[in-house]
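The values are calculated or read from the model by the stated rules, or taken from the named source; none is laboratory data. Every value quoted in this text rests on a predicted model; they were computed, and no experiment measured them. Cβ placement follows ideal geometry from the backbone for every residue including glycine, while neighbour counts extend to all protein chains displayed.
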Amino acid sequence: MQQLTVDDMKAIELEIMDEIDRVCQAHGVQYFLGYGSLLGAVRHGGFIPWDDDMDIVMMRDQYELLMQRFNEWRTTDRFKLVSYRDKSSIYQFAKIVDTTTVIYENFVGKKAATGVWVDVFPLERYSQQSSGLLKQHAREGLLRSFAVTDPSTGTNGFVKLVKRIVCPFVKHKDLYELAKRLDDLAQQVDRAGQGSNRVIDVIGEGKLEKSYPASLFDPVRIKFEDREYFAPAGYEEFLTIEYGDWRTPPAENARPVHVMEAYRL
């Protein structure tokens, strides 16, 4: 296998995004750049220089349509939507991956390996009556994180100790069932919030303080490297809710480090 550099990974992620953009435009499915990808587009004109992944967000109905039809609509077998639903991924959200590559994450067991990816997160309609569901989701998400993690790794000695204590109690858990449970809870939030004017990413974050006005999500095209992709028209408010002072880059010692190894098969 040939090891990929961060720049190699970014080039592949752009190819995946080109396919997502092509498929979604051809079939009337709406996506938006999200999180670090949106921040990078607005602040840097593309990737955040020290970042190495891409994220998109979609309203739940659009997400379900993509989940059901992407692998039918794709223009090449090189790219594939993977999901816990067919046991092609252990994650509770969708990934669209390059099947000619593989990634090993430093803090996750090798059973979680997929190809270089773009993450796809659903947004749920949200009302205050769903706060209990969010708390339940957070509890079950913590359980899943221990079930997925590699117990031999950790950022410090305390983390490694906690993993050694907790992981044996959850290692027998069915990772696909845990992912399904988290997705089911997120969909319950969406059903309870129908008619609400706010949306929230339950699966990715699930934090009450990070719900967004649905009015932000009118689609506009935005520059990303030498391409254009869809972004929410209210991207400045989205980024302020998500990051606070997003215009000021973090100090060098506060920037995320590369935590994965990628290879071409």
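Determine which member of the set G40, G36, G45 is under 17 Å from the mean Cα position of the chain (by Cα) and touching a residue at least 40 places away in the same chain (Cβ under 8 Å).
Unique residue meeting the criteria: G40.
I'm trying to understand the selection: among the residues of region 1-30, which are more than 27 Å from Y104 (Cα to Cα) and of a type outside the set (V, I, T)?
Selection gives R22, C24, Q25, A26, H27, G28, Q30.
Would you check which residues across region 208-241 are among the polar types (S, T, N, Q) and crowded, with 19+ Cβ neighbours inside 10 Å and list them?
S211
What is the one condition in (1) among the aromatic types (F, W, Y); (2) assigned to a loop (DSSP other than H, G, I, E, B); (3) under 17 Å from F93 (Cα atoms) that F47 does not satisfy?
In the conditions (1) among the aromatic types (F, W, Y); (2) assigned to a loop (DSSP other than H, G, I, E, B); (3) under 17 Å from F93 (Cα atoms), F47 misses (3) alone.
I'd like to know if region 77-96 contains one or more residues that are in contact with a Phe, Trp or Tyr (Cβ under 8 Å, 6 or more places away or on another chain), in a loop (DSSP other than H, G, I, E, B), of a type outside the set (V, I, T) and closer than 22 Å to I241 by Cβ.
yes
Looking only at region 107-136, filter to residues that are at pLDDT 85 or above, in contact with a Leu (Cβ under 8 Å, 6 or more places away or on another chain) and closer than 28 Å to I20 by Cα; which one of those is surrounded by the most Cβ atoms within 10 Å (Cβ to Cβ)?
Among those residues, the one meeting the criterion is V116.
Hey, among V23, V102, V42, V29, which residue is at negative phi and either buried (at least 21 other Cβ atoms within 10 Å of the Cβ) or polar (S, T, N, Q) (or both)?
So the residue among V23, V102, V42, V29 that is at negative phi and either buried (at least 21 other Cβ atoms within 10 Å of the Cβ) or polar (S, T, N, Q) (or both) is V23.
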